[in-house]
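First the structure, in the form of structure tokens, and then the observations on it.
The values are calculated or read from the model by the stated rules, or taken from the named source; none is laboratory data. Bear in mind that the values here come from a model prediction, so they are computed numbers and not experimental data. Cβ placement follows ideal geometry from the backbone for every residue including glycine, while neighbour counts extend to all protein chains displayed. In case anyone asks, the SASA skips ligands and DNA or RNA and just uses the protein heavy atoms, side chains included. Shrake-Rupley method; radii C 1.70, N 1.55, O 1.52, S 1.80 Å.
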Amino acid sequence: MGGIINGAIAVGFALITGGAALAGARGAPRDELPHPARWALAGRGLGTASTSLLLGGTVYTAYTYIAVPGLMFGTGGLALYSLVYTMLLSPLIMVLLPRLRDIAARHGLITGADYVRARHGSQPLALAVALTGILATMPYLALQVVGMTAVLRSMGIAPTSLAGGAALALLFTLFALVTHPGGLRACARMSVVKALLIGAMVAVLVTLAVTELGPPGRVFALADHRIATDGLTIGVPPQGFTAYATLALGSALAQLMYPQVLMVSLASRSGNTLRAATNFLPAWSLSLGLSAFLGVAALASGGRTPSGHAELAVPMLVRTLAPDWLAGVLFGALAVGGLLPAVVMAMSMAMLLVRNVYSEYLNPTATPKHEVRVARGASLAIMAGAVAFALLLQPQDTINLHLLGGIWILQTLPAVALSLFTQWFHQRALFIGWAAGMVLGTALAGLHGFSSVVDIGIGPFHAPVYVAMAALAVNLVTAAVLTPLLGPLGVPRGHDSIAGGAAWERRGSKYAFVVE
């Protein structure tokens with residue numbers, strides 16, 4: 001009965017708060033013509049507060065607030081690398097993304113693949129970046145659905161049941177209503193709701209934990225006693241500086257290359273606006289650190305999760321410490337919090353699909369209005385695919401694919417990020433390096449049982465490193481070796497339209513690089 005009560009409260013709370021967000025999520029003004037830059041980038045007009053909330057709400061997903069305590073519950077110190085890598089995000093964003101934002105605004109670019117095509121003059125490389133972004137983001141999007149299904153399971157509702165399906169359908173109907181007319185403007189308004197809900201949820205849970213279990217020192221002591229008494233086996237995190245350093249740095253760099261992060265960054269009003277917004281991201285890391293403490297509290301409370309489902313640690317803690325009515329509210333907050341990043345991910349994938357595949361190869365005469373209409377439909381289809389993807393696969397399979405997604409998206413870094421500072425690399429060398437990194441990273445992860453850290457040995461030297469960083473090293477070495485060889489072999493360089501003072505503008509029915 002308790003599960004039914006807090007389930008009904010959770011769904012009701014999610015609908016009420018989502019409806020409140022919708023009330024403020026108006027679409028574009030009626031006299032404003034539909035355009036990808038307006039729908040997907042909010043007209044490049046997000047201020048400091050909107051950019052900060054939307055960027056934080058996109059990077060720090062609701063699943064993150066479930067997975068990090070789950071890691072703490074199941075593996076102990078391994079979860080702490082997540083805190084390190086999120087602290088690295090702010091300086092990396094300040095170095096890379098404001099520069100990309102200003103270039104994109106000056107030349108009318110919408111996606112990261114648009115930038116690659118303009119910078120390197122290479123359609124194959126731009127297509128590779130676009131498809132990699134779509135492929136890598138789909139399991140990330142599916143993880144948001146997995147987070148919602150974890151909430152449903154904790155309430156005793158099977159996600160594949162009629163009640164579970166109806167709950168998911170209601171939540172994603174909200175998604176459709178938000179994104180169809182308003183685009184990223186609506187997401188910016190929803191980000192305020194998410195920040196308030198997630199902040200309140202973490203604060204309430206930490207307060208309940210220290211009230212019921214005692215101060216933090218006692219919570220850690222109870223967790224240690226429980227591990228010793230019950231004979232629990234806590235996974236041993238990888239040892240050594242190289243494992244933590246490469247995990248933290250590689251995860252931070254990969255996060256910057258995801259299309260949803262690029263989309264939010266390109267939507268800011270200016271490069272200085274984005275820098276100012278980034279200053280507030282450490283506050284999100286603080287809340288994530290408090291959520292990691294909840295994994296210890298879950299151990300201390302004596303709760304148990306099904307084997308292989310450590311992500312249920314926080315929902316289990318909610319049911320243990322909170323009365324049914326409060327548990328329903330907290331579950332509803334998690335559900336709404338997971339909706340925002342899912343929306344932004346689906347929109348960013350849709351824009352890559354429309355701008356860099358559909359309009360480039362299938363319908364070159366597509367107008368901006370047509371592109372927006374196709375992107376709206378594509379985002380809905382992508383979300384439906386993510387729901388099916390998450391429900392048909394086991395949660396561990398989705399996590400494994402997300403690991404591969406991190407490996408894949410990091411291989412786009414040379415084509416996107418490095419080219420902000422140097423045009424030395426040949427576009428063919430970058431393409432071959434990308435392919436080498438994709439193949440090697442996928443093979444290493446698969447051969448090592450989808451472990452994020454593998455031991456790399458060269459002669460007497462052995463060190464555990466993040467798989468994605470090992471693949472990126474091969475990617476960079478390949479591109480660096482081939483670049484000076486391709487010129488003498490007569491392979492022409494692509495035209496750099498950005499350095500040449502050109503802009504990507506629509507002339508008639510087609511996009512073209514127009515020299516200013």
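The set of residues in segment 351-400 that are in contact with a His (Cβ under 7 Å, 6 or more places away or on another chain) and open to solvent by 30 Å² or more (accessible area, probe 1.4 Å) contains only 376.
Of everything in segment 300-319 that's open to solvent by 10 Å² or more (accessible area, probe 1.4 Å) and aliphatic (A, V, I, L, M), which residue is modelled with the highest pLDDT? Result: 300.
Of 436, 468, all but one fail to be open to solvent by less than 60 Å² (accessible area, probe 1.4 Å), among the aliphatic types (A, V, I, L, M) and touching a Ser or Thr at 6+ places or on another chain (Cβ under 6 Å); the exception is 436. The residue list 277, 292 contains one member that is modelled with pLDDT under 90 and in a helix (DSSP H, G or I), which is 292.
So for segment 141-156 (the condition being of a type in the set (Gly, Ala, Ser) and modelled with pLDDT under 70), does at least one residue qualify? Checking segment 141-156: at least one residue is of a type in the set (Gly, Ala, Ser) and modelled with pLDDT under 70.
When we screen 336, 343, 314, 329 for residues that are closer than 20 Å to residue 110 by Cα, in contact (Cβ under 8 Å) with a residue 24 or more places away in the chain and not charged (D, E, K, R), the only hit is 343.
When segment 408-433 is limited to residues that are among the β-branched types (Val, Ile, Thr) and touching a residue at least 12 places away in the same chain (Cβ under 8 Å), the one that is surrounded by the most Cβ atoms within 10 Å (Cβ to Cβ) turns out to be 412.
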